[in-house]
Amino acid sequence: MGENSENEKSMARKLASEINGETTRPRELEETMIKPLIKQVEDQYLRKEPLNFEIGDTVDVHQRILEGDKERIQIFNGVVIARRGGGTREKFTVRRIVSGEGVERTFPYNSPKIAKIEVKRHGKVRRAKLFYLRDRIGKATKLVERVDRAEKEAARVAKSEAKTAARAKSKEVS
């Protein structure tokens, strides 16, 4: 019943506008005209150098704080549990535990108040939102560290080179 009445209302509006001589444009046409304008305005406010971090990373967010006429940097460290939005509306949420209580803070991605983001660890996750961490306590909130294949291979090569160097050194001594 609700669908039909909505359909009938929209048809009635369309007919009324045609009778009054008003022309109606399809929604797609309006969107194609507006989107480039919005994009043009938003591009002015986007961050020039992107912040490189992912969901599950442990990060230090360096935020500029104004106190009177002085400016200082305050660091908020924690795990990135969510990213949402796009363009100038993009935000990310960082969670940390302070004296047994979970504290979450949402930062605008393109804000000039964010000086930089340092990635401390890369967490291995399989979800886009890590809200399940809110229910966990203690060590259960720790994420397994993600090691990229290139890093893993480089570590393996370095380890084998160290072993061969140690063997060569022990043969020289004896």
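Taken together, the values in this text are just the output of simple stated rules run on the coordinates, not laboratory data. Model, not experiment: these values are computed from the prediction. Don't worry about glycine lacking a Cβ; one is built from the backbone with ideal geometry, like all the others, and counts go over all protein chains shown.
How charged is the neighbourhood of ARG136? Take every other residue with its Cβ under 14 Å from the Cβ of ARG136, and add Lys/Arg as +1 and Asp/Glu as -1.
Charge balance in the 14 Å sphere: +3.
Kindly put LEU133, LEU51, LEU46, LEU66 in sequence by how many other C-beta atoms sit within 10 Å of each C-beta, fewest to most.
Exposure proxy ranking, most exposed first: LEU66, LEU46, LEU51, LEU133.
Any chance you could get the radius of gyration and Dmax over the Cα atoms of the stretch 72-174, in Å?
When restricted to the Cα atoms of the stretch 72-174, Rg and Dmax are 20.5, 67 Å.
Quick one: net charge of ILE65's neighbours, Cβ under 10 Å, K/R +1, D/E -1?
It works out to a net charge of +2.
Please order ASP60, ASP69 by the number of other Cβ within 10 Å, starting at the fewest.
ASP69, ASP60
Take the alpha carbon atoms of the stretch 132-160, find their center, do the same for the stretch 59-84, and report the distance between the two centers in whole angstrom.
That distance is 25 Å.
Students often get this wrong, so check it: of LYS35/LYS120; LYS70/LYS124; LYS70/LYS116; LYS113/LYS139; LYS124/LYS159, which have C-alpha atoms separated by over 30 Å?
Checking Cα-Cα distances, LYS35/LYS120; LYS70/LYS124; LYS113/LYS139 exceed 30 Å.
Could you tell me, in Å, what Rg and Dmax come out for the Cα atoms of the stretch 28-113?
16.3, 54
Run the numbers on the stretch 37-174 and let me know its relative contact order in percent, using alpha-carbon pairs under 8 Å that are six or more apart.
Once normalised by length, the contact order is 23 percent.
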